[in-house]
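J.: This is the structure, below, for whatever I ask next.
Any read-out appearing in this document is the output of simple, stated calculations on the displayed coordinates, not a laboratory observation. Predicted model, so just to flag it, every value in this text is computed and none were measured. With ideal geometry, Cβ positions are generated from the backbone for all residues, glycine too; neighbour counts draw on all protein chains shown.
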Amino acid sequence: MSQLRFGAIRESQGKPRIQIEEKGRRSELFGVNVFNKNKMLQYLTKDALESVENAVFAGTKIDRKIADQVAEAMKGWAISMGATHYTHWFQPLTGSTAEKHDAFFDLLPDGRALEKFGGGQLVQQEPDASSFPSGGLRNTFEARGYTAWDPTSPAFVYGTTLCIPTIFVSYTGEALDNKAPLLRALNVIDEAATSVARYFDKNVSKVHATLGWEQEYFLIDKALADSRPDIMLTGRTLVGHPAAKGQQLDDHYFGVIPARVLSYMSDLEKECTKLGIPVKTRHNEVAPNQFELAPVFEEANLAVDHNLLLMDVMDKVAERHSLKVLFHEKPFEGINGSGKHNNWSLATDTGVNLLSPGTTPMKNLQFLTFFVNTIKAVDTYEELLRSSIASASNDHRLGANEAPPAIMSIFIGDQLSSVLDELEGVSHGKLSPEEKTELKLNVVGKIPEILLDNTDRNRTSPFAFTGNKFEMRGVGSKTNCAKPMTVLNTIVAKQLIDFKKEVDVLIEKKNLKKDEAVFNVLREYIKTSKRIRFDGDGYSADWEKEAKKRKLSNNRSTPEALQVLDTKESLALFKALNVMNQVEVTARKKVELETYIMNIQIEGRVFFELVYNYIVPAAIAYQNSIIQNVKGLKEIYGNAHKEMTTGQMSLLEELSNHLNALKQKTDAMVTARKTANAITDIDKKAVAYCDKVKPFFDEIRFHSDRIERLVDNHVWPLAKYRELLFIR
Ligand code: ADP
Ligand code: MG
């Protein structure tokens, strides 16, 4: 009998529930572990507070004396919160966060001990971080990397450590992380959107991108998770016969949250609330043991930090509840995988959502301006946007009829489509007073009413307008949102800059009024960006054909999707907007490809282990027991046993066939891996892993799952789908 599996099942049952007390209000708990405005008011001098606020609002530099004051205040507060250490908290290109703790504790020359933390330590550090992926950005002889304080994201105490959000750059200033390019992109969208918003309201002096992510995840028993090498090392099940019951009854989605999960969620939410993550929504997702958590949206940089912090907190809290969180996009075959929708919009410092129509025709024209420019940007750079969500794990999900396809398109619904259709007919040049009135009353003026009942939701669209924001749905559950947010904000910024130029030319050279110029430019954008708009079924085969006709990209695998990154156009875009230079972009592409290769390589190795050390031995053990049985029957019944053992014999044969095929495919996969490993060109190597190694995985899995179906439950060593998905 399989000790590990049955031991894990026993362990998973009858665990004491952790009771989570809900004393006091969540609003009182919010941000208690964050060095936010309230704490700053309390701990900082007026000058220091002003300086930090200017840095946040206008990106001004904080001088060293002020930094010393801020550090002193942060230290005092953090120690009062029980912190003993501090760390720069950053986002290397691994996709998650990194930290290196230093104690506040220090010694004076005379041997006395004290707590020390100055402006120097707050502002900049040089972690010995030469082992992070850099895509060749850092040669070993110049391996230094610096972390530098990002005052726009507040420091927080996590456990007993003061965490200071930072960027991570090389000695020569190149970004080694995901945050630095994001901050640059947010900076250009601020400039570009502010200057366009000022056509409509001169009081606007800042625009920030907003992000509300929705985190999907699986939660399974820790003992069961730990009993499977594939889950432990790859985050997903490489083999496993589907359980008799999956999600076909639709009885999990929005169902009653299981008690053990609910106490996990409450515990998690309390931790998040203390850390200033404004968590709001929790529910069961479509697949069994799949759940979702969503916060109130925030400024994009902060939202990205909060999502990364959340994933870490989720892991830690799960430990306490003997649970394991699976962030992988496709942990289980045959049921839905997990994503992380990115809801995105633009907000002004005057409190206006630029993707929300207003109360006056002018405000609605402002809405249309940002709406159409976003559509145009996605149309121009659809392939680049696709590349920002590419990963080995997300490849399983995109286009698998449970998440949007790898083809980018935009859903806006019938009513907004007809508004755009009407705008296509706007006259060239000056508009007559009648046309203006008509536009005002019957086209632009109608938008708010339209949106009120525009509840239409097309779940198959990768980029959908949902009333007052766009929702990017292809983002993977594991993905660092900084990546799609960097690209999205960069391309929209570029588009807004172009728009502004065109409108200004019409105003200055053609003597058009501002609204006339805006209508004229939007009309052309609507015409030229039509191919990206698609309201039909994104999962259908027809759409794939249609998209091909429209010359939209359909990059189904990561190696394909990443190729656009270092094209002339992409490099020029990132450079022109100061988001990334050529070296930074090519380094990122290299890191993404390397990560892809390594992920497939690890899966290949785990497959080998599973087959040789688990599946083959289980199949042989079961075969042996059949052989024993047949031999015994022969001993008793002599020749008559033949008729009695036809079932046993056919089982033996069936098992042998699958066993042989399993071993043969596994060995062939290993050979393919070796061939791929010998390739030095990284692009070609990634393609080899994708096209020559990965296809074996499905074949190996097929035979393994057949064997699982045939053998005695008691000899099967790997926790089964029903146990992973239905033990709660
Ligand atoms: P759903 O898409 O699941 O139906 P909602 O439309 O209520 O749910 O919102 C989903 C997410 O959109 C939430 O996380 C919310 O914070 C976010 N969101 C709402 N408004 C904005 C906005 N203006 N900018 C960015 N995100 C937003
Ligand atoms: Mg949503």
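J.: Lys100 versus Lys548, label points 7 Å from Cα toward the beta carbon: distance in nm?
T.: 5.1 nm
J.: Over the residues of the chain, compute the C-alpha Rg and express it relative to 2.2 N^0.38 Å.
T.: 1.07
J.: Continuing with the same structure: I need the semi-axes of the equivalent ellipsoid of the range 31-175: take the C-alpha gyration tensor, multiply each eigenvalue by 5, square-root it, list largest first in whole angstrom.
T.: Taking √(5λ) for each Cα gyration eigenvalue gives 26, 19, 15 Å.
J.: Do any trypsin sites (Lys or Arg not before Pro) in the range 415-472 lie in a DSSP loop with no more than 16 other beta carbon atoms within 10 Å, and if so, which?
T.: Passing sites in the range 415-472 are Lys430, Arg457, Arg459.
J.: Could you sort the peptides 110-123, 712-725, 482-495 by per-residue average Cβ neighbour count (10 Å cutoff), highest mean leading?
T.: Put in order of decreasing packing, that is 482-495, 712-725, 110-123.
J.: How much of the pair distance distribution for the range 187-594 lies past 26 Å, counting alpha-carbon pairs only, in percent?
T.: The answer is 56 percent, as a whole percent.
J.: Straight-line reach only, C-alpha to C-alpha below 12 angstrom: list the aspartates and glutamates that Lys694 could link to, leaving out same-chain residues fewer than 8 apart.
T.: Straight-line reach from Lys694, under 12 Å: Asp395, Glu603.
J.: Here is a further query. Once you charge only the Cβ atoms, +1 for Lys and Arg and -1 for Asp and Glu, what is the size of the charge dipole of the range 31-175 about its Cα centre, to the nearest 20 debye? Before the final figure, lay out each step's value.
T.: Working: 12 positive and 16 negative charges, 39 e Å.
Computed charge dipole of the range 31-175: roughly 180 debye.
J.: Take the cross-link list Lys202/Lys527; Lys589/Lys720; Lys514/Lys575 and give me the ones stretching past 32 Å between alpha-carbons.
T.: Lys589/Lys720
J.: Let me ask something else about it. Give me the aspartates and glutamates in straight-line cross-link reach of Lys61: C-alpha distance below 20 Å, same-chain residues under 8 apart excluded.
T.: Within the straight-line limit of under 20 Å, Lys61 reaches these aspartates and glutamates: Asp47, Glu50, Glu53, Glu72, Glu126, Asp150, Glu174, Asp190, Glu191.
J.: Please go through the residue pairs Lys548/Lys568; Lys37/Lys316; Lys316/Lys692; Lys330/Lys685; Lys280/Lys330 and name each one whose alpha carbons sit more than 31 Å apart in this structure. Before the final figure, lay out the partial values.
T.: Numbers: Lys548/Lys568 23 Å; Lys37/Lys316 27 Å; Lys316/Lys692 38 Å; Lys330/Lys685 24 Å; Lys280/Lys330 25 Å.
In this structure, Lys316/Lys692 exceed 31 Å between Cα atoms.
J.: Also: Compute the Rg to Rh ratio over the range 155-249 from the alpha carbon atoms, using the Kirkwood formula for Rh, and round to two decimal places.
T.: Answer for the range 155-249: 1.19.
J.: Arrange the peptides 361-374, 228-241 so that the one whose residues have, on average, the most other Cβ atoms within 10 Å appears first.
T.: 361-374, 228-241
J.: I would also like to ask the following. Which Cα, out of Thr567, Ala719, Pro695, lies furthest along the positive dipole direction of the chain (beta carbon charges, K/R +1, D/E -1)?
T.: So the residue furthest toward the plus end is Pro695.
J.: Would you mind estimating how fast the range 411-562 diffuses translationally, via Stokes-Einstein at 20 °C and 1.002 mPa s with the Kirkwood radius over Cα pairs, in µm²/s?
T.: For the chosen part, D equals 120 µm²/s.
J.: In the range 526-621, what trypsin sites (Lys or Arg not before Pro) fall in a loop by DSSP, with at most 11 other Cβ atoms inside 10 Å?
T.: For trypsin sites (Lys or Arg not before Pro) across the range 526-621 that sit outside H, G, I, E and B with at most 11 neighbouring Cβ atoms in 10 Å, the list reads Lys551.
J.: For the range 531-595, count the residues as N, evaluate 2.2 N^0.38 Å, and divide the Cα radius of gyration by that value, please.
T.: That works out to 1.40 for the range 531-595.
J.: Still on this structure: Answer with one residue from Leu416, Thr369, Thr350: the one whose Cα lies farthest towards the positive end of the charge dipole of the range 283-439, charges on Cβ with Lys, Arg +1 and Asp, Glu -1.
T.: Ranked along the dipole, the leading option is Thr350.
J.: Hey, can you rank 148-160, 401-413 by average C-beta count inside 10 Å, highest first?
T.: On the way: 148-160: 20.6, 401-413: 23.5.
Those peptides, ordered most packed to least, come out 401-413, 148-160.
J.: I'd like the distance between the alpha-carbon centres of the range 22-82 and the range 595-659, rounded to an integer number of Å.
T.: 64 Å
J.: Between Phe702 and Asp110, what is the FRET efficiency for a Förster distance of 45 Å, r being their Cβ-Cβ separation, to the nearest 0.05?
T.: 0.05
J.: Sticking with this structure for a sec: Viscosity 0.692 mPa s, temperature 37 °C: what is the translational diffusion coefficient of the range 595-726 from Stokes-Einstein with a Kirkwood Rh over Cα pairs, rounded to a whole number of µm²/s?
T.: Rounded, D is 197 µm²/s.
J.: Give the separation of the Cα centroids, the range 371-429 to the range 505-531, in Å.
T.: So the two Cα centres are separated by 21 Å.
J.: Between Leu652 and Gln124, how many nm apart are label points set 7 Å from Cα along the C-beta direction?
T.: In this crude spin-label approximation the distance works out to 7.6 nm.
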